[in-house]
Amino acid sequence: AQTVTQSQPEMSVQEAETVTLSCTYDTSESNYYLFWYKQPPSRQMILVIRQEAYKQQNATENRFSVNFQKAAKSFSLKISDSQLGDTAMYFCAFMKHDKPEIIFGKGTRLHILP
Amino acid sequence: NAGVMQNPRHLVRRRGQEARLRCSPMKGHSHVYWYRQLPEEGLKFMVYLQKENIIDESGMPKERFSAEFPKEGPSILRIQQVVRGDSAAYFCASSLYPAGFSTEAFFGQGTRLTVV
């Protein structure tokens, strides 16, 4: 079975700083997808960034980028120039390529301080 | 194009009552997924439906829980004889094709069920 582990329950950083959220996962699959979702206080789940396991190049979306280390089964999220609106729960997630079920970690609560 | 709509946003039920949670997928989407989020936990997959069919219910409790996605109307998650442990946020997501890397599953804002 696949598992996703987020070892940082809560983090706080000053506005404009860079922050990295950690995520490790366990799977025997060779082809899969990884995601980071943001859940603000409104509870809406918002897809932030996604990565295909067979692509070595790290995904980037504006201020958000990932460090994907397949051998280490690590998928960290870096937020550059953090903004107050980045305050939210962040969930790392895994999906097998042949099954549309998303497996979520327990989340990291991120506070951006003014 | 409206997003995934869930109602109600909040639902309070007494133990033993039935809870009915509704999900209207995005326009044109025929794939619907239900997830449950317990306090301080990530979302857990419950069931995957395509119009009139249950594709995967491996995450659904065997008793008291059922889901449907009729040809017309919203998808319904039904919980019979609710217990305190059913208190959680229930999220619905929908996608145009089976969710994957290129096909994003869009989430609703969830229904928070409280059993008293």
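The values are calculated or read from the model by the stated rules, or taken from the named source; none is laboratory data. Because the structure is a prediction, the values reported are computed rather than measured. Every residue, glycine among them, receives a Cβ derived from its backbone with ideal geometry; neighbour counts consider all protein chains shown. All accessible areas refer to the heavy atoms of the entire protein, side chains included, with ligands and DNA or RNA removed. Shrake-Rupley method; radii C 1.70, N 1.55, O 1.52, S 1.80 Å.
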Search the structure for amide H atoms under 5 Å from the amide H of A:Ala59, placed 1.01 Å from N in the peptide plane, and list their residues when 5 or more places away or on another chain.
A:Val66
Whole-Hz ³J(HN,Hα) from phi, Karplus 6.51 cos²θ - 1.76 cosθ + 1.60, for the stretch B:30-40, glycine and proline x:
10, 10, 10, 10, 10, 10, 10, 10, 7, x, 6
Given unit charges at Cβ for Lys, Arg (+) and Asp, Glu (-), the dipole magnitude of chain A about its Cα centre in debye, nearest 20, is 200 debye
For the stretch B:46-63, Karplus couplings with θ = phi - 60° (6.51, -1.76, 1.60), whole Hz, Gly/Pro x:
10, 7, 10, 10, 10, 2, 6, 10, 8, 8, 8, 10, 5, x, 8, x, 5, 10
Using a 10 Å cut-off on Cβ to Cβ distances, tally the other chain neighbours for every residue of A:99-109 and report the average as a whole number.
6
First measure r as the distance between the Cβ atoms of A:Lys106 and B:Glu52, then evaluate 1/(1 + (r/R0)^6) with R0 = 25 Å and state the FRET efficiency to the nearest 0.05.
0.15
Per residue, how many Å² of accessible area does the stretch B:34-95 show with a 1.4 Å probe?
47 Å²
Please give the average number of partner chain Cβ atoms lying within 10 Å of the Cβ of each residue in B:98-111, rounded to a whole number.
5
Shielding by other protein chains, A:44-51, mean Cβ within 10 Å:
4
Amide H proximity to A:Gln8 below 5 Å, modelled H, separation 5+ or other chain, gives A:Ser22
Quote the relative contact order of chain A in percent (integer), defining contacts as alpha-carbon pairs under 8 Å separated by 6+ residues.
37 percent
What percentage of the solvent-accessible surface of the protein assembly as shown, computed with a 1.4 Å probe over protein heavy atoms, is contributed by carbon and sulfur atoms?
47 percent
Net charge dipole size for chain B [Lys, Arg +1 and Asp, Glu -1 on Cβ; Debye, nearest 20]
480 debye
The relative contact order of chain B, taking Cα pairs under 8 Å that sit 6 or more residues apart, comes to a percentage of 37 percent
Any chance you could list the semi-axes, whole Å, largest first, of the equivalent ellipsoid that the Cα gyration tensor gives for chain A, using √(5λ)?
24, 14, 12
At A:Arg63 and A:Thr3, where each label point lies 7 Å from the Cα along Cα→Cβ, what is the point-to-point distance in nanometres?
3.4 nm
Work out the length of the dipole vector of the stretch B:1-44 about its Cα centre, built from +1 on the beta-carbon of each Lys and Arg and -1 on the beta-carbon of each Asp and Glu, and round it to the nearest 20 debye.
220 debye
If I model a spin label at B:Leu38 and A:Asn31 as a point 7 Å from the Cα along the Cα→Cβ vector, what separation in nanometres do I get?
3.4 nm
